[in-house]
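The values are calculated or read from the model by the stated rules, or taken from the named source; none is laboratory data. Because the structure is predicted, anything quoted here is derived from the model rather than measured. All Cβ positions, even for glycine, are placed from backbone atoms using ideal geometry, and neighbour counts span all protein chains on display. The accessibility values were calculated without ligands, DNA or RNA, using every heavy atom of the protein model including side chains. Shrake-Rupley method; radii C 1.70, N 1.55, O 1.52, S 1.80 Å.
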Amino acid sequence: MSWISAEAALTLLGTKPQTLYANVSRGRIAARPDPEDPRRSLYRQDDVERLAARQKGRRPATTVAAESIAWGEPVLSTAISTVANGHFYIRGQDAAALSKSATLEDMAMLLWSTLVPVDFGTMTTTGADTGLIACYRQVAELAATQMPPSGRARSVLIKDATLVVSLVAAAITGARVGPVHERLAAHWQRPEAANALRCALVLLAEHELNASTFAARVTASTGAPLAAAVLAGLAALSGPLHGTASLSIGALVRDAKRYGVETAISGLLRQGRPLPCFGHRLYPDHDVRAPALMETFTVPALFSELAEVGERLSGEKPNIDFALSALVAAHDLPDDAPLQIFALARCVGWLAHALEQIETGALIRPRARYVGELPS
């Protein structure tokens, strides 16, 4: 990854400094401090060259739309969160700083823009079983019976949102009383993991317009109940490229134990395969959520070595999925703990986006670019 000076960036763009800074603030160009002069900034060359190419001529709308859907510029306006200048901000607050003391209940108040304290112990009935299967089933049942949001006050919708998260928390933890992170730690019989779980829930509660959040927003845009939006998010979360990404490091961990860390990592890289759970396309340097989480527990020696050797050989740093895997190893949590944590945390963010989408009153309905055959 190459970085260039402001002068070089302006030469490529052919614009004024104000335009360069605006592109940085909007997340179109990644920037970082110059290690040789912290008063100056460097700009990611790939981002600058991409924008410069755009300015040479107006591209077809179909091309712009296709790139927007695939890791391009944001396709929806939001006041909820953003990744900018290597930091992750939620409602204007630094997520890493929030993770030091906030709880999931605090994040719900922040994300939902409510001053009323949130209590996720309001669910009174659940099935006998617990875990993800119970979570999916009970959210689906609620989605089939919950009232749609149209014509209902925001204060009532906040109660609906609270009910959905309460159901998810009860389904996953089997408990209905107390802060969610403490209930989760008690469910897994790991009370010493409570603070790390609190931090993980905060860091995972929201992350801009990811795949599951987009699915939740599309569902909410149809006027469906809030529980239906969360069900859509849960469905998207189950994929290996999203919510279960942390499980992808399992084979690397096994090979590292058997053959040694350096051999395992170099073997992957020699095959042209990226290291699982390293790097994140939204962050110019590293996923800031990973170190924030790993500060809350003693990282197992094997994971510390994987992080060090992985960065040295690949140039990428561990991301939040790596940190979740390290947390599971540190506290001997269930194999599917990352997905359970992810689901419980992210439903708060899905609901924030659903509420924001409802306020717009707009249906999300993109067009498809047909590339098949037509009758002659």
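Please identify every one of the chymotrypsin sites (Phe, Trp or Tyr not before Pro) in region 299-376 that sits in a loop by DSSP and has no more than 13 other beta carbons within 10 Å of its own beta carbon.
Details: sites: Phe303, Phe322, Phe342, Trp350, Tyr370; in loops: Tyr370.
Sites meeting the loop and neighbour criteria: Tyr370.
Which one, Pro334, Pro284, Pro366, has the greatest fluctuation when you compute a Gaussian network model over the chain with C-alpha springs under 10 angstrom?
Pro366
Quick one: length gained pulling Ser2 to Asp119 fully straight, 0.36 nm per residue minus the C-alpha distance? Display every interim value, and only then the final one.
On the way: separation 117, 0.36 × 117 = 42.12 nm, distance 4.69 nm.
Full-extension gain reported as 37.4 nm.
Pull up all non-local amide H partners of Ala84: gap of 5 or more, or a different chain, and H-to-H distance under 5 Å with H placed in the peptide plane.
Tyr89
Using Cα springs under 10 Å in a Gaussian network model of the chain, which residue among Gly315, Gly233, Gly131 shows the largest mean-square fluctuation?
Maximum fluctuation in the GNM of the chain, among the listed residues, is at Gly315.
Using unit Cβ charges (K, R positive; D, E negative) and no other charged atoms, how large, in debye to the nearest 20, is the dipole of region 185-324 about its Cα centre? Before the final figure, lay out each step's value.
Values: 12 positive and 13 negative charges, 73 e Å.
For region 185-324, the charge dipole is close to 360 debye.
Can you tally the net charge around Arg176? Count Lys and Arg as +1, Asp and Glu as -1, for every other residue whose Cβ sits under 12 Å from the Cβ of Arg176. Numbers along the way, then the final one.
Working: positive: Arg183; negative: Asp119.
The answer is 0.
How big is the charge dipole of region 271-376 about its Cα centre, in debye rounded to the nearest 20, if each Lys and Arg gets +1 on its Cβ and each Asp and Glu gets -1 on its Cβ?
Numbers: 9 positive and 14 negative charges, 111 e Å.
Here region 271-376 has a charge dipole of around 540 debye.
Let me check I've understood the local charge: for Trp3, count other residues with C-beta under 15 angstrom from its C-beta, Lys and Arg +1, Asp and Glu -1. What total comes out? Could the numbers behind the result be given before it?
Numbers: positive: Arg32, Arg40, Arg44, Arg50; negative: Glu7, Asp34, Glu36, Asp37, Asp46, Asp47, Glu49, Asp285.
Surrounding charge for Trp3 is -4.
Would you mind getting me the FRET efficiency between Ala97 and Leu313? Use the beta-carbon distance for r and R0 = 25 Å, nearest 0.05.
Numbers: r = 31 Å, r/R0 = 1.25.
Calculated transfer efficiency: 0.20.
Go ahead and estimate [θ] at 222 nm for the chain from helices alone: -39,500 (n - 2.57) per DSSP H run with n ≥ 4, summed, over the residue count, rounded to 500.
Values: 18 runs with 201 residues, N = 376.
So the calculated ellipticity at 222 nm is -16500 deg cm²/dmol.
Under a 1.4 angstrom probe, counting protein chains only, how are Ser212, Ser304, Ser155 ranked by accessible area, largest first?
Details: Ser212 0, Ser304 55, Ser155 75 Å².
Accessible-area ranking of Ser212, Ser304, Ser155, largest first: Ser155, Ser304, Ser212.
Once you list every other residue whose beta carbon is under 15 Å from the beta carbon of Glu295, what net charge do they have if Lys and Arg are +1 and Asp and Glu are -1? Before the final figure, lay out the partial values.
Details: positive: Lys100, Arg198, Arg289, Lys317; negative: Asp94, Asp287.
Summing Lys and Arg as +1 and Asp and Glu as -1 gives +2.
Given charges of +1 on the Cβ of Lys and Arg and -1 on the Cβ of Asp and Glu, with all other atoms neutral, how large is the dipole of the chain about its Cα centre, in debye to the nearest 20? Could the numbers behind the result be given before it?
Values: 36 positive and 36 negative charges, 217 e Å.
Value, rounded to 20: 1040 debye.
Which whole-Hz ³J(HN,Hα) couplings does region 271-287 yield from phi under the Karplus relation 6.51 cos²θ - 1.76 cosθ + 1.60, θ = phi - 60°, glycine and proline marked x?
Karplus values, whole Hz, x for Gly and Pro: 7, x, 9, x, 6, x, 6, 10, x, 8, 5, 7, 10, x, 10, 7, 5.
Find the accessible area per residue for the chain; the probe is 1.4 Å, ligands and nucleic acids are left out, and the unit is Å². Spell out each step's value before the answer.
Working: 18470 Å² over 376 residues.
Per-residue accessible area for the chain comes out at 49 Å².
Counting other Cβ atoms within 10 Å, which GluC sites (Glu not before Pro) in region 294-376 have at most 13 and lie in a DSSP loop? Walk me through the intermediate numbers first.
Numbers: sites: Glu295, Glu305, Glu308, Glu311, Glu316, Glu356, Glu359, Glu373; in loops: Glu295, Glu316, Glu373.
Loop-located and lightly packed - Glu373.
Can you find, among Pro366, Met109, Met294, the residue farthest towards the positive end of the dipole of the chain? Put +1 on the C-beta of Lys and Arg, -1 on that of Asp and Glu.
About the Cα centre, the residue reaching furthest to the positive side is Pro366.
For the chain, what are the DSSP H helices with axial Cα length of 27 Å or more and mean Kyte-Doolittle hydropathy of at least 0.5? Write down the numbers at each step before the final one.
Details: long enough: 154-173 (28 Å, 1.48); 337-360 (35 Å, 0.72).
What comes out of the filter, once short or polar helices are dropped, is 154-173, 337-360.
Using a ≥ b ≥ c from the Cα gyration tensor of the chain (square roots of the eigenvalues), is it rounded, prolate or oblate, where a/c under 1.5 gives rounded and otherwise the larger of a/b and b/c decides, a/b for prolate?
Details: a/c = 1.66, a/b = 1.17, b/c = 1.43.
Oblate is the answer for the chain, as a/c is 1.5 or above yet b/c matches or exceeds a/b.
Between Gly178, Thr130, Val164, whose Cα lies farthest towards the positive end of the dipole of the chain when Lys and Arg beta carbons carry +1 and Asp and Glu beta carbons carry -1, centred on the Cα centre?
Working it through, the farthest residue towards the positive pole turns out to be Val164.
I want to verify a result. In a Gaussian network model of the chain, Cα cutoff 10 Å, which of these has the top mean-square fluctuation: Tyr259, Tyr21, Tyr89?
With Cα springs under 10 Å in the chain, the top fluctuation among Tyr259, Tyr21, Tyr89 is at Tyr259.
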